[in-house]
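Below is one structure, written out as structure tokens; the observations come after it.
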Amino acid sequence: MAIELSGKTYETDEEGYLVNLADWNDELASEMAKADGAVLEDNHWEVINFLRDYYEEYQIAPAVRVLTKAVGKKLGKDKGTSKYLYELFPYGPAKQACKYAGLPKPTGCV
Amino acid sequence: MAEFDTPVLKPYPEIPPIEIGAMAHSKPFYAKQDHQQKLGFPGELVDDWQRVAIDKMGELVDNSRALRVFLDSCVKCGACTDKCHYYLGTSDPKNMPVARQDLLRSVYRRYYTLAGKYFPSLVGARDLDQDVLDEWYSYFHQCSQCRRCSVYCPYGIDTAEISMAAREIMDSVGVGQKYCNEIIGKAQTIGNNLGLPEPALVDTLEGLEEDIEDETGVTVRMPLDEKGADILLVTPSADFFAEPHVDGLIGYAKVFHQAGLSWTLSSYASEAANFGMFIGSYDNMQKLALRVREAALELGVKRIVFGECGHAWRVAYNFLNTLAGPFDFLDSNYPVPQHVCEVTYDLIQRNALKLDPSANDDMVLTFHDSCNVSRGSRMGDFEGGQFAIPRAVIKASCNHFYDMPADTIKEATFCCGGGGGLLTDDLVELRVKGSLPRMEALKQVVDDHGVTHLAAICAICKSQFSKILPYYGFEMDQIVSVHQLVSNAIVLGNEQ
């Protein structure tokens, strides 16, 4: 599979996750969200940017608790819950947000 | 992904009329070349794949008398037909265990029995061709190897063994499932199914220590790679990552802390799960099991304890010694290995933990018995310990507990719908439909007793329920870890 955007082709896997992490850009993230019928707003971007920073440091997406804690610090304690993250990313914060952030899908019993 | 309708929960379970081919379209993503090769399998379908597959089948029945008996002895009595959650949820007759097994059995008969060799059409024997291979790939990934059908089989035929054999044959010709094989590769290189590297594990555990201290005011440690600790805790990596799993991990840590037990996790063996079993691969299962042995030796521990993971406990309880033994370097006064529920249960029996069950008064609990614990292993030193011990731990931690109907629990438990290597988004339709019998049983105790939460001791069950509960009108957080209840109830510190 692939995404066509601004005259360029980006390779993705069967579920639409980017194959090459380096391909990622803001526009591509918005395009992926559009395909799911979503529009990325500031709070989405806070999560996406945190995921990318965390991945850069640890080569893996953060655990749900690490993410909720970080979001709580950034956006206020009431938003530091998995419930809020599911409102932002209804297909699951770990999976959907990772996809828009250009990270591989978390694997395992999750 | 195709749209599908979530089954309707009926007041009483019904055996559905058959719908031929209802799930023929269901198949998981294929493993990529590098996923296959990492595990020692061909990267793509080999040229003479029929011969390779038939030879592999011969090798498997030669090595396992059990498998040969399972393939030879079915008399088509039909006792298993209505016992499979995937049949009950999908109505596809090929999901009747006898019919699914026969997809393999018919080929076995063709090449390995006298009648099948000479009079194939008289005995329902068929040649192995591409259509058969495709059908195997579809339907042997519609069996969660839960073995409920085997409980009712008068011959004791173990369907799981047949599904494992089918997957092993497919892997041997280069046709593997992405979900399982990608994960096994990660566990063998990084040490866990998630691919969580050591620095990320360190960061996650530190965060959890902070959380516990914030919540309780007590310093509870989550030690990693500490040489000289008494206990090595091996737990599913989902316990580090997902909810409600992580609340269970916090529970184990609090139990060890309060009981004064010295323990550690290992970054090298940071996974209890062993997906090698799901694909029937002894070699891959052994590689994963050996990591546990190596970590135990390296750290110099005296005991090995497994966290809440269903199939991990089956592998640990039944096969660990064969795969990675002998464990004569461990303290023989304790079971080798031990389940974390056994540890907590023993402490409760000895009044060594103070639990305040009113801490869970906001919940009315039931317990989902996980297949591999119920039908593939045991706990404690008495028959049925695997049923009694988790329930005793739950009941000591809460005031309100009701079991689901008797024909849906203990040895008759229904799979969560996502076991056996099927917990993947490309099989969501199967997972939703296959959870129907469990959801019907849950609905009954919700209606009759006001049950609000389902407790489980398996990472797969927990993730599966978080995903599928909303399809049936429940909330995703109605699934909890057993040690999450312990975590809520445990009284930390010295106060008496």
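The values are calculated or read from the model by the stated rules, or taken from the named source; none is laboratory data. No experiment lies behind these values; they were computed from the predicted model shown. Positions of Cβ are generated from backbone atoms using ideal geometry, with glycine treated the same way; all protein chains shown enter the neighbour counts.
Identify the residue in segment B:1-38 that is of a type in the set (K, R) and either at pLDDT 95 or above or surrounded by 16 or more Cβ atoms within 10 Å (Cβ to Cβ) (or both) and, among all such residues, is farthest from B:D92 (Cα to Cα).
B:K38
Within segment A:62-110, being surrounded by fewer than 21 Cβ atoms within 10 Å (Cβ to Cβ), more than 11 Å from chain B (Cβ to nearest Cβ) and either polar (S, T, N, Q) or not in a helix (DSSP H, G or I) (or both) holds for A:G76, A:G80. Residues in segment B:155-204 that are outside the structural domain of B:S144 (by TED's automatic domain parsing), outside any helix (DSSP H, G or I) and touching a Ser or Thr at 6+ places or on another chain (Cβ under 7 Å): B:G191, B:N192, B:N193, B:L194, B:G195, B:L196.
Here B:L436 fulfils each of the conditions (1) surrounded by 24 or more Cβ atoms within 10 Å (Cβ to Cβ); (2) at negative phi; (3) under 17 Å from the mean Cα position of the chain (by Cα) apart from (3).
Go through the residues of segment B:142-162 one by one and say whether even a single one is within 14 Å of chain A (Cβ to nearest Cβ) and surrounded by 24 or more Cβ atoms within 10 Å (Cβ to Cβ). Yes.
Keeping to segment B:164-185, report how many residues are farther than 15 Å from B:M285 by Cβ and under 18 Å from the mean Cα position of the chain (by Cα). Residues in segment B:164-185 being farther than 15 Å from B:M285 by Cβ and under 18 Å from the mean Cα position of the chain (by Cα): 4 in total. Could you tell me whether B:G248 is within 18 Å of the chain's Cα centre (by Cα) and in a helix (DSSP H, G or I)? Considered against the rule, which asks whether it is within 18 Å of the chain's Cα centre (by Cα) and in a helix (DSSP H, G or I), B:G248 comes out as yes.
Checking the stated criteria, A:E31 turns out to be assigned to a helix (DSSP H, G or I), touching a strand residue (DSSP E or B) at 6+ places or on another chain (Cβ under 7 Å) and modelled with pLDDT of 90 or more. Can you confirm whether B:V301 is more than 14 Å from chain A (Cβ to nearest Cβ), assigned to a helix (DSSP H, G or I) and either at pLDDT 95 or above or more than 30 Å from B:E59 (Cβ to Cβ) (or both)? In short, no.
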